[in-house]
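The values are calculated or read from the model by the stated rules, or taken from the named source; none is laboratory data. Note that the coordinates shown come from a computational prediction; the quantities given were computed from them, not determined experimentally. Glycine gets a Cβ as well: all are built from the backbone with ideal geometry, and neighbour counts include every protein chain shown. Heavy atoms of the whole protein, side chains included, go into the accessibility calculation; ligands, DNA and RNA do not. Shrake-Rupley method; radii C 1.70, N 1.55, O 1.52, S 1.80 Å.
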Amino acid sequence: MKLKKKLLTVLSVVLFLGLLVGCGTKKEEATTASSSKEAPKTLTVKDAKEEVEVPKNPKKVVVFDNGSLDTMDALGVGKTVIGAPTKSVPAYLKKYAEVENAGGIKEPDMEKINQLKPDLIIISGRQQDFKKDLSKIAPTIYLAVDSTKTWESTKQNIQTLAEIFDKQDVAKKKIATLEKEIADVKKQAEASDEKALAVLVNEGQLSAYGKGSRFGIIYDTFGFATADENIKASIHGQSVSYEYVLEKNPDILFVIDRTKAIGGDDSKNNVAENELVAQTNAGKNGKVISLQPDVWYLSGGGLESTQLMLEDVEQALPEK
């Protein structure tokens, strides 16, 4: 009888231990499954140069491209920005001047960025030579705007960021709103007989920009006819004189003041007051239009900057 009791006791202990082991295994399996679900997700996106594997919904982002910065702001994910070239942040994005300074707009501070330990770095043309080195710190995407198809490439960049941050629905609605406004402006511009010329002024010196240039959005997206079909497409524009402006006699003269955008002596930059400009159709009809310099020179290619650019060029259209 005693032996039987001992056997029952041993069996009970064995069964109890078995249950404990089983529960432990299930807990371990559950923990493993949970950890697997929480593992960082990635996706592959195509930037201006190549395909890059990036984290999904990154929490810490260093942004050098102001167009991407304003798109992130518009998509509601600006809180992820931990670093930027703060001295070159345009006024409409001034709240991001408070994040960590990640260097100059043309020369990233590699040591500082490394200290920030970002999940993602976003660059544009001014920093493209640093992409390889930046990629050693964190996945780096180069989001450029193609000056031969400005809106199409801008839209692609917006959609890329929306995919990374899981904001496709928000982006879709905002793009649709912008496209409706663009179509309206383009229709009015194309219906007009007026021809436009875009110039950059820097301490009194002029550069003209035509189709396929960094300010080509005026022509290819917003629909304004150009006063000169032969302007050489260049990042720095075609150096011109005030005599050239009078010769081309634009009906609309769009002016981007580089000096105001980056600082310096702008005392010689009042293009509208130049006596030769005053003789042009634009000068006579009050259509020498100053565009927001920090938007046009320091930004572009984003949801917010495209909206601001639209509002700028609308000044040249007849009032409805």
- Note on the structure: Among strands (runs of 3 or more DSSP E) entirely inside region 1-107, those with 1 or more residues being under 16 Å from residue 127 (Cβ atoms) and modelled with pLDDT of 90 or more are 51-55, 61-63, 81-84
- Within region 209-221, can you find the residues that are touching a strand residue (DSSP E or B) at 6+ places or on another chain (Cβ under 9 Å) and either open to solvent by less than 20 Å² (accessible area, probe 1.4 Å) or of a type in the set (S, T, N, Q) (or both)? 209, 210, 213, 215, 216, 218, 219
- Message: Between a residue in region 141-159 that is under 12 Å from residue 124 (Cα atoms) and any residue that is of a type in the set (Lys, Arg) and surrounded by 18 or more Cβ atoms within 10 Å (Cβ to Cβ), which pairs come within a Cβ distance under 6 Å, given they are 6 or more apart or on different chains?
- Response: 142/131
- Message: Here is a check on your reading of the model: is residue 204 more than 29 Å from residue 319 (Cβ to Cβ), open to solvent by less than 40 Å² (accessible area, probe 1.4 Å) and in contact with a Phe, Trp or Tyr (Cβ under 6 Å, 6 or more places away or on another chain)?
- Response: no
- Message: Given the criterion among the hydrophobic types (A, V, I, L, M, F, W, C), open to solvent by 20 Å² or more (accessible area, probe 1.4 Å) and within 25 Å of residue 285 (Cα to Cα), identify the matching residue among 233, 183, 196, 225.
- Response: 225
- Unmet requirement for residue 313, which otherwise passes all of (1) open to solvent by less than 10 Å² (accessible area, probe 1.4 Å); (2) within 25 Å of residue 175 (Cβ to Cβ); (3) assigned to a loop (DSSP other than H, G, I, E, B): (3)
- Query: When residues of region 266-285 are filtered for being hydroxyl-bearing (Ser, Thr, Tyr) and within 32 Å of the chain's Cα centre (by Cα), how many remain?
  - Reply: 1
- Take the residues of region 143-156 that are touching a Ser or Thr at 6+ places or on another chain (Cβ under 7 Å), surrounded by 17 or more Cβ atoms within 10 Å (Cβ to Cβ) and not hydrophobic (A, V, I, L, M, F, W, C): which is modelled with the lowest pLDDT? 147
- Given (1) in a helix (DSSP H, G or I); (2) under 14 Å from the mean Cα position of the chain (by Cα), where does residue 145 come up short, assuming only one miss? (1)
- All conditions in (1) open to solvent by 20 Å² or more (accessible area, probe 1.4 Å); (2) assigned to a loop (DSSP other than H, G, I, E, B); (3) under 18 Å from residue 284 (Cα atoms) are true of residue 250 except (1)
- Restricted to region 203-237 and to residues being out of contact with any Gly (no Cβ under 8 Å at 6 or more places or on another chain), closer than 23 Å to residue 270 by Cα and assigned to a strand (DSSP E or B), the residue modelled with the highest pLDDT is 206
- Within region 297-310, of all residues that are closer than 16 Å to residue 124 by Cα and polar (S, T, N, Q), the one least open to solvent (accessible area, probe 1.4 Å) is 305
